[in-house]
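Working notes, beginning with the structure itself.
The values are calculated or read from the model by the stated rules, or taken from the named source; none is laboratory data. This one's a predicted model, so the numbers in the text were calculated from it and none came from an experiment. Reconstructed Cβ throughout: ideal geometry from the backbone, glycine too, with neighbour counts over all protein chains shown. The area values use the complete protein model at the heavy-atom level, side chains included, leaving out ligands, DNA and RNA. Shrake-Rupley method; radii C 1.70, N 1.55, O 1.52, S 1.80 Å.
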Amino acid sequence: MKSNKNSNSHEKISASASSSRIQFAPRGDAFKHPVQHFDVAKVHTVSEALEAFNTTSFQSRMLGRCYKIWLHMLSDPDRPIIFFGLSGAMIAGGMRRLLRDLIAFHAIDVLVSTGANLSHDLYESLGGRHYMAHHHIDDPTLRSMRIDRVYDTYADDVMFTKADEFVEKFSESLEPRGYSSREFFQLMGQRINDEYGILATAAREHLPIFCPALADSSIGMALTVYRNEQLDQGRPPMIYDPMLDNLEIMSLKRRWQKSGVIFIGGGTPKNYIQQVIPMAEIAGMPVPPHSYAIQVTTDDPKFGGLSGCELPESQSWGKLDPKAEQCTVHIDATIGLPLLFTGVMEHYEEWKGRGRLNHNWRESLETPAVRKTRKVSA
């Protein structure tokens, strides 16, 4: 009777793979923190879920980490200034009330936004609405209806025209001189009667709004029309001066040396906040890098886009402190931001005393600091 050549194969494999024979280097504290499986029976609030995420894996852990960092920013006894960078179509995406509440409850101190988000906010403040789209209507037909589409959302193009007219008339009422976007939107917000508007709420709370790419928006287009009409009629126009933006945002960072940043997406708002540190250095008035940073994005850094640049990369430019608390979560902001803000609001009693900023803009520009000699390290 022939023996089965494979009769002992299982035994041999088991023996060779015996755990007692495996050699490995010292593991240190690699197994110090075991993953804790999410237990729905122990979770009753959003903040409890976010806290539990800190011991799970992948993007849930990153979301939990971002939540804890935001709480640390808000409860820090040094009262750091929090810069909030906003990109993407977040108003059309249903985040307007949330963004307004960020301002009203002082969960952020400075808003740096794309012009599109501010244009959509103004559109709603003047009576416009955003609507859930019907995919059976094609885009050429929507154009004939004067309906604008933002992915799965509709807006009224006729109402946008009315918003443009509001910007033109408002600009005509301004003294013909240079304005930063911060001053422009502060004055505009004071003219808007809307309890739930971003521009209106920021004006009431004296929270500065910067829009470094103002020309790239419906508001920017309206300002172009206004400028042309003023010049055609031989009247000097008000002028948006972006260099005033640079001076004003730098004055904020110089006064509140400790700072944190929150980036929703990337693009111009993110880079504009980041550049405050090297800009102050170039001006010979160096300021400390940011101490906290969280980023909510779906961008991938390996394709080279600025929006997707990883936060540690900012340390090489001196923008982010080497010891900064930092985290990026790769998640749709219309999911991640509401969860994060709901979580920190559930702990509002712990940080509500931070209040709003009070900053004398005129004084900060009229009495610049003495420039120090710029030193470039080897």
Chymotrypsin sites (Phe, Trp or Tyr not before Pro) restricted to region 88-169 and DSSP loop, no more than 11 other C-beta within 10 Å: TYR151
List the aspartates and glutamates whose alpha-carbon lies under 16 Å from that of LYS68, not counting same-chain residues fewer than 8 positions away? GLU48, GLU51, ASP76, GLU325, GLU346, GLU349, GLU350
Under-5 Å amide H pairs with TYR179, H placed in peptide plane, nonlocal only: ILE239, TYR240, ASP241
Averaged per residue, the 1.4 Å probe accessible area of region 215-310, protein heavy atoms only, in Å², is roughly 43
State the three equivalent ellipsoid semi-axes of region 208-297, derived from the C-alpha gyration tensor as the square roots of 5 times its eigenvalues, in descending order and whole Å. 31, 17, 9
Which far-off residues, 5 or more places away or on another chain, put their amide H under 5 Å from the one on GLU325, with H placed in the peptide plane? ALA293
Tell me whether region 272-361 comes out rounded, prolate or oblate; compute the Cα gyration tensor, take square roots of the eigenvalues as a ≥ b ≥ c, and use a/c under 1.5 as the rounded threshold. oblate
Give me the percent of the accessible area of the chain that comes from carbon and sulfur atoms, probe 1.4 Å, all protein chains in place. 54
Suppose every Lys and Arg Cβ carries +1 and every Asp and Glu Cβ carries -1, with no other charges. What dipole size does region 98-206 come out with about its Cα centre, to the nearest 20 debye? 100
DSSP-defined antiparallel bridges as percent of all bridges, the chain, nearest 5: 20
P(r), alpha carbons of region 41-183 - 10 Å bins starting at zero, rounded %: 9, 26, 29, 21, 12, 2, 0
Under the span-like rule (Cα at least 30 Å along the axis, Kyte-Doolittle mean at least 0.0), DSSP H helices of the chain: none
Cα-based radius of gyration of region 133-289 once divided by 2.2 N^0.38 Å, which approximates compact folds: 1.24
Name the residue from ALA89, ASN117, ILE294 whose Cα lies farthest towards the positive end of the charge dipole of the chain, charges +1 on Cβ of Lys and Arg and -1 on Cβ of Asp and Glu. ILE294
Which value, in Å² rounded to 10, gives the accessible area of GLU48 with a 1.4 Å probe and all protein chains present? 80
On a 29 Å Cα-Cα criterion, which of the cross-link pairs LYS32/LYS352; LYS270/LYS323; LYS42/LYS352; LYS302/LYS323; LYS32/LYS323; LYS32/LYS270 come out too long? LYS32/LYS352; LYS32/LYS270
Please report, to two decimal places, log10 I(q)/I(0) for region 22-91 at q = 0.11, 0.22 Å⁻¹ as given by the Debye formula with identical point scatterers on the Cα atoms and no solvent. -0.46, -1.03
Among TYR179, SER217, PHE166, the residue whose Cα sits farthest towards the positive end of the charge dipole of region 145-231, when +1 is placed on the Cβ of each Lys and Arg and -1 on the Cβ of each Asp and Glu, is TYR179
Long-range amide H contacts for HIS290: which residues qualify at under 5 Å (H placed 1.01 Å from N, peptide plane, sequence gap of 5 or more or a different chain)? LEU320, ASP321
Principal semi-axes in Å for the chain [√(5λ), Cα gyration tensor, largest first]: 46, 28, 20
For the chain, what does the relative contact order come out to in percent, with C-alpha contacts under 8 Å and a separation of six or more? 21
For region 298-353, with only Lys/Arg (+1) and Asp/Glu (-1) charged at the beta-carbon, what is the dipole magnitude about the Cα centre, in debye rounded to 20? 160
Check: region 45-94 dipole with +1 on Lys, Arg Cβ and -1 on Asp, Glu Cβ, in debye: 120
Let me check the size of region 202-361 from its C-alpha atoms; what are the radius of gyration and Dmax in Å? 18.3, 57
